[in-house]
Amino acid sequence: MTAAPKIYALHENPEWFPPFADAFAAEGLPMEEWLLTEGTLDLDASPPEGIFWSRISASSHTREHGLSKDYARAVLSWLEAHGRRVVNGRRVLELEMSKVDQLTALRAAGIDTPRTVAAVGREQVLQAAEDFPTPFVTKHNQGGKGLGVRRFDSYADLEEYVRGEEYEEPVDGITLIQEYVVAADGGITRVEIVGHELVYAVRGDTERGGFQLCPADACAIDPATGRPIMPPGATISMAPDEAVGLFSLREGYADDPIVGKYIDFTRRLGLEVTGIENIRTFDGRTLTYDVNTNTNYNSDVEAVAPRSGPRQIARYLGGLLHEAYPQTAAVAAGR
């Protein structure tokens, strides 16, 4: 008997998924999690009917899920070859996996980004940084949660690090050298978009959060100790039990011109669920530096936001399911 069409959520990190599972349940939508950590793929078989939402993360290798990215590439290629409706499909997966891809795509869309040079190899990292004004930062091209992000106040400091035993080799071999910019108001802005529409904008506190501004609640706690994580790059230290949230709702951001540019960008790339981050500098620039295609939401913001990010995703996917399979009992958002 053929299974009824449903929403399939492709991911690799169960710790991040409960808010989304709750949202699908609240909307009464048929959903099945497809965990891409290991498995088989019968290329002679046809995929099940349904809507497929990919939220594979570039940081999956940090959770011992190093095979998830290539497994996801295979699954998405298979789904798309059979004409299945995929949200954040194969092209978007590659955007998630490469900050070089993100920055070049943003620039092609007329969106300003920080000055950046990509380097492969330790000596090339040093060579690329020779002409950079200090301070500057390094980043891993493929990562997340501030992976590989370090600030250097001098070229000598970088040289000591690169030639030393503590040097972190990027998983794909590509290191970014990027201008260090300071937020004019001590925070970055993360613009959450679902279905090419603004959900809300979030302020991330860079003074307390540093380079680690993953909004998921699970990111704030060290799984080994159960204690709050002190983010690298923070300029204001918090006491171990200080209850200061790093994220807050940015009111009135819908009128900012950058939002329209981001929505045009999502249409250009076929990017349907995303959180795009920018920093407004003291000299008046708005620099966009990160495109998160497996976006997470913060509970503090969700508690006060006019609408919920996970619920908007559920409603959007439910609408797609209803349109593709009208015979299902799915509830479409806004209908």
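Coordinate-derived values only; no laboratory data. Given the structure is predicted, the values throughout are model-derived calculations rather than measurements. Every residue, glycine among them, receives a Cβ derived from its backbone with ideal geometry; neighbour counts consider all protein chains shown.
Here are some notes:
- Cα centre as origin, Lys/Arg/Asp/Glu Cβ charges: the chain dipole, Debye: 980
- Extending 7 Å from Cα along the Cβ direction at Glu64 and again at Arg163 yields two label points whose distance is 3.7 nm.
- Rounded to 5, percent antiparallel among DSSP beta bridges of the chain: 75
- Residue among Leu76, Tyr161, Trp16 farthest towards the positive dipole end of the chain, charges placed on Cβ: Leu76
- Ratio of the Cα radius of gyration of segment 29-133 to 2.2 N^0.38 Å, where N counts its residues: 1.38
- Here the chain is treated as a Stokes sphere of Kirkwood radius computed over C-alpha pairs; at 10 °C and 1.306 mPa s its diffusion coefficient rounds to 76 µm²/s.
- Pairwise FRET efficiency - Asp300 versus Glu130, Cβ, R0 = 56 Å, nearest 0.05: 0.85
- Structural descriptor for the chain: relative contact order 20 percent, calculated from alpha carbon pairs under 8 angstrom and at least 6 residues apart.
- For segment 5-81, the spread of Cα positions along each principal axis, largest first, Å: 32, 32, 16
- Summed side-chain charge close to Glu32 - residues other than Glu32 whose Cβ falls under 13 Å, Lys, Arg +1, Asp, Glu -1: -1
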